[in-house]
Ligand SMILES: [Zn+2]
């Protein structure tokens, strides 16, 4: 087959890309592309199938989930710190790992920032509250004490979620 024009090449290109062109057409297009930069560019535009918008939608959903999770984490941390006295302690032991787990699922690797965040929130809350009730020394000591406990519990939650996610990801067909 002799040389084809750019117009014919453009017509045949989609058929070649889809794999439905005849052998002659395919060869003619390849020959033309070999020396025609303009059609090569056209072929380059066509060949990778444009990715669907799923990724955009997914990232929007992820952002929204991350925002909800952030609200949950912050709310949970403040709630946990607020009820840290007396019987509330029991609920915190359950609550803090959940906060850590949610944090990891929502933020990925940045989820490891949640335990320090929980420590900071608990420390400030407890320190201010106890400082007002008794003295600054008591407040600071209590803040460090409860902050450490909650941060460790939270970190356990992060670890659990990380392991779970790792386990689930392994089973996903890729
Ligand atoms: Zn051409």
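The values are calculated or read from the model by the stated rules, or taken from the named source; none is laboratory data. Just so we're clear, the structure is a prediction, and the values are computed from it rather than from any experiment. Glycine gets a Cβ as well: all are built from the backbone with ideal geometry, and neighbour counts include every protein chain shown.
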May I ask you to say which residue of 155, 120 is under 23 Å from the mean Cα position of the chain (by Cα) and at pLDDT 85 or above?
155
Taking the condition at pLDDT 75 or above, touching a helix residue (DSSP H, G or I) at 6+ places or on another chain (Cβ under 6 Å) and under 26 Å from residue 160 (Cβ atoms), does residue 95 pass?
yes
With respect to residue 66, is the statement that it is within 16 Å of the ligand (Cβ to nearest atom) and either assigned by TED's automatic domain parsing to the domain that holds residue 114 or modelled with pLDDT of 70 or more (or both) true?
no
Residue pairs qualifying under the 6 Å Cβ cut-off, at least six apart or on distinct chains, with the first in the range 28-44 being without any contact (Cβ under 8 Å) to a residue 60 or more places away in the chain and farther than 13 Å from residue 8 by Cβ and the second being within 9 Å of the ligand (Cβ to nearest atom) and in a helix (DSSP H, G or I), are 40/33; 43/33
Among the numbered criteria (1) within 19 Å of residue 160 (Cα to Cα); (2) modelled with pLDDT under 80, which one does residue 100 miss?
(2)
Of all residues in the range 5-36, count the ones that are touching a helix residue (DSSP H, G or I) at 6+ places or on another chain (Cβ under 6 Å) and outside any helix (DSSP H, G or I).
1
